[in-house]
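*Asks:* What follows is a structure written as structure tokens; I'll ask about it next.
The values are calculated or read from the model by the stated rules, or taken from the named source; none is laboratory data. It should be emphasised that the depicted structure is a prediction, and the values quoted were computed from it without experimental measurement. Positions of Cβ are generated from backbone atoms using ideal geometry, with glycine treated the same way; all protein chains shown enter the neighbour counts. Each accessible area value is taken on the protein alone, full model and side chains, heavy atoms only, with ligands, DNA and RNA left out. Shrake-Rupley method; radii C 1.70, N 1.55, O 1.52, S 1.80 Å.
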Amino acid sequence: MGLLVQAADKILPVVIVLYLARAIDPESFGVYSFLVAYLALFQVAVEYSLDAVLVRVLSQQSEPSPATLHAGLGLKLLMSLAAAAVATLCVGPLSGGRVPLDLAACASLGLLTGLGGAYRSWFRSNLEIPPVLALASARALLLAVGVVVVVQAGAGLRAVFLVMAAANLVVFAGVALAVSRELKPRFVFDREQWGLLLRGAVPLFFNGFAIMLGLKAGQVLLLSMRGPVETGLLGAASRVAEAFSLLPEALMITVYPLMASLHIKRDGMGGQPADTRLADTRLAETVEKSTRYLLLAIAVPVTVCMVAGDLIMGLLFGAGYAEAGPALSLLAVMALLSATGTVVTYLLVSVHAEKTLYRNTMVFALLNVVLSYFLITRAGYMGAAVAMIASSAMSQVSLALLPPTRAYTRLCLAAALRPALAVACGVAAGLLAGYGSLAAVAWSVGACLLALLALRVLTAEDIAFIRSSLGWGQKS
């Protein structure tokens, strides 16, 4: 169910990007890519940080409290207003004057209307994933239909962003009405609840902002430094690479509340002493399996992207975007880093190590900005891709060395070692066959699969565990 949620959240927006790349001119697509990347820096305040804290707080309550949800809605509305205002006012200088203020205002409405995330946090904390899927699917469907209609009508980018905001608003109104008997939609100012949420959200905001800065800095800088066409090329390659985050985020929909609850059990509940060894063992097993299974799932497609980036970009976006193939080949590495990074991030949040996390992430995000500036000057959008990979890898290495986070981070990275070696074997075989050829794809896939088996990335015990988890083969 979590995978389906992420498919609705991630796959359909990628399809919309593919449609826009073919339906609008390259310069308009470059401006669109810039705005999506730029606004992602502000979304972390109202989505990544606050929603994640809501899930944690609600998961750790013996009975999830509607008062917490109402306070979260009030705080989310206030933070959305502030984020939309700042995003609109700052777009001129950061885009080099290439994005009009009214276009930025239309795009920023998406921040203001994303209030449905609070309800998603409520459902996630109760492990009620079907309603989360319904919310994601409804928004995706409305968005897809709306974008196609306005583009076919020749209404321009402003209408595209207005449709996105309208989809958010309709979904929020729908879910608020559907659960109004149980959870009346209220925007509450509660000093105690706001203080609790903000204490957890502020470190996560800085961490999320730093993560997004590391991912989006290149696209933001490209518009003013190299123009909208190169921004569009990097944006298209980034969208394909970011699609691999579907699996990590899908898994974390349910595993994150589980990790948070296991950490609480470690410290004891109800005044009774905890079985620390059992809780730590269960938490470690959860982290190890999550990391290994994630990399197992993406190993083959990542390998193919690395050895045939130009073929994939040309197939998806059209011949004009095939030149962004080498950028996709580089950014495919980010899929591996994203898988380990997602598990590390949610694990450190679960164990309340977010302060160390955000400080580390911020340092390397700033390093990424500096690297991006110098590398874009010399190599354009390819330089931005290199800067992104280098800063992300160094960030995880740093977390593996810092005393407060090293035990948890090393657990994730150790679980990722064998799948990463299998990918390396596949890439080596593909490159020997010739980059960008169908032969390279065939050799890389075969070598990667053989390496996964030889390195025992998936064992018979794992298969039995997965079958039992999914209820396959059980007698009724």
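*Asks:* Could you say which residue among V333, V304 is at pLDDT 85 or above and either under 20 Å from S398 (Cβ atoms) or crowded, with 24+ Cβ neighbours inside 10 Å (or both)?
*Replies:* On the way: V304 fails: either under 20 Å from S398 (Cβ atoms) or crowded, with 24+ Cβ neighbours inside 10 Å (or both).
Criteria check complete, one pass: V333.
*Asks:* Does the range 452-465 contain any residue that is assigned to a helix (DSSP H, G or I), surrounded by 18 or more Cβ atoms within 10 Å (Cβ to Cβ), touching a residue at least 60 places away in the same chain (Cβ under 8 Å) and more than 25 Å from the chain's Cα centre (by Cα)? Step through it out loud before you land on a result.
*Replies:* Step one: list which residues in the range 452-465 are assigned to a helix (DSSP H, G or I), which gives 452-454, 460-465.
From what's left, surrounded by 18 or more Cβ atoms within 10 Å (Cβ to Cβ): 452.
Then drop every residue that is not touching a residue at least 60 places away in the same chain (Cβ under 8 Å), which leaves 452.
Subsequent filtering for residues that are more than 25 Å from the chain's Cα centre (by Cα) retains 452.
Looking through the range 452-465, at least one residue is assigned to a helix (DSSP H, G or I), surrounded by 18 or more Cβ atoms within 10 Å (Cβ to Cβ), touching a residue at least 60 places away in the same chain (Cβ under 8 Å) and more than 25 Å from the chain's Cα centre (by Cα).
*Asks:* May I ask you to list pairs of residues, at least six apart or on different chains, whose Cβ atoms are under 6 Å apart, with the first in the range 88-101 being of a type outside the set (S, T, N, Q) and the second being open to solvent by 30 Å² or more (accessible area, probe 1.4 Å) and assigned to a helix (DSSP H, G or I)?
*Replies:* G96/S224
*Asks:* Just for the range 138-168: of the residues that are outside any helix (DSSP H, G or I) and among the aliphatic types (A, V, I, L, M), which one is modelled with the lowest pLDDT?
*Replies:* Among those that are outside any helix (DSSP H, G or I) and among the aliphatic types (A, V, I, L, M), it is A155.
*Asks:* Restricting the search to the range 350-359, which residues are out of contact with any Pro (no Cβ under 6 Å at 6 or more places or on another chain) and either surrounded by fewer than 24 Cβ atoms within 10 Å (Cβ to Cβ) or outside any helix (DSSP H, G or I) (or both)?
*Replies:* V351, H352, R359
*Asks:* Could we say that L417 is touching a Phe, Trp or Tyr at 6+ places or on another chain (Cβ under 9 Å) and farther than 23 Å from E323 by Cα here?
*Replies:* no
*Asks:* Can you find, within the range 185-200, the residue that is surrounded by the fewest Cβ atoms within 10 Å (Cβ to Cβ) among those that are modelled with pLDDT of 75 or more and within 23 Å of the chain's Cα centre (by Cα)?
*Replies:* Checked the range 185-200; the qualifying residue surrounded by the fewest Cβ atoms within 10 Å (Cβ to Cβ) is R199.
*Asks:* Only one of (1) at pLDDT 85 or above; (2) closer than 22 Å to P419 by Cβ is not met by A237, so which one is it?
*Replies:* Here A237 clears every test but (2).
*Asks:* A follow-up question, please. With free of Cβ contacts under 8 Å to residues at least 24 places away in the same chain and of a type in the set (A, V, I, L, M) as the only criterion, which of A153, A165, A176, A144 stands out? Steps first, please.
*Replies:* Numbers: A165 fails: free of Cβ contacts under 8 Å to residues at least 24 places away in the same chain; A176 fails: free of Cβ contacts under 8 Å to residues at least 24 places away in the same chain; A144 fails: free of Cβ contacts under 8 Å to residues at least 24 places away in the same chain.
None of the others qualify; the one that does is A153.
*Asks:* If you don't mind, another one. Listed residues A365, A384, A400; which is part of a helix (DSSP H, G or I) and under 30 Å from V445 (Cβ atoms)?
*Replies:* Residue meeting the stated conditions: A384.
*Asks:* Go through the range 131-175 and report how many residues are β-branched (V, I, T) and within 15 Å of I16 (Cβ to Cβ).
*Replies:* Count: 8.
*Asks:* Next up: Condition first: among the polar types (S, T, N, Q) and more than 28 Å from the chain's Cα centre (by Cα). Now tell me which residues in the range 427-447 satisfy that.
*Replies:* If the condition is that a residue be among the polar types (S, T, N, Q) and more than 28 Å from the chain's Cα centre (by Cα), then S437 is the only one that fits.
*Asks:* Kindly indicate whether A390 is touching a residue at least 12 places away in the same chain (Cβ under 8 Å) and crowded, with 24+ Cβ neighbours inside 10 Å.
*Replies:* Answer is no for this residue.
*Asks:* Now for a separate question. Kindly establish whether V86 is at negative phi, open to solvent by 10 Å² or more (accessible area, probe 1.4 Å) and modelled with pLDDT of 85 or more.
*Replies:* Answer is yes for this residue.
*Asks:* Just a yes or no: is a residue in the range 159-172 crowded, with 19+ Cβ neighbours inside 10 Å, over 20 Å from Q43 (Cα atoms) and not hydroxyl-bearing (S, T, Y)?
*Replies:* no
*Asks:* Looking at L222, L258, L262, which one is of a type outside the set (S, T, N, Q), over 15 Å from the mean Cα position of the chain (by Cα) and at pLDDT 70 or above?
*Replies:* Only one candidate qualifies: L222.
*Asks:* Is it fair to say V229 is assigned to a helix (DSSP H, G or I), at pLDDT 70 or above and open to solvent by 60 Å² or more (accessible area, probe 1.4 Å)?
*Replies:* Details: assigned to a helix (DSSP H, G or I): yes; at pLDDT 70 or above: yes; open to solvent by 60 Å² or more (accessible area, probe 1.4 Å): yes.
It is true that V229 is assigned to a helix (DSSP H, G or I), at pLDDT 70 or above and open to solvent by 60 Å² or more (accessible area, probe 1.4 Å).
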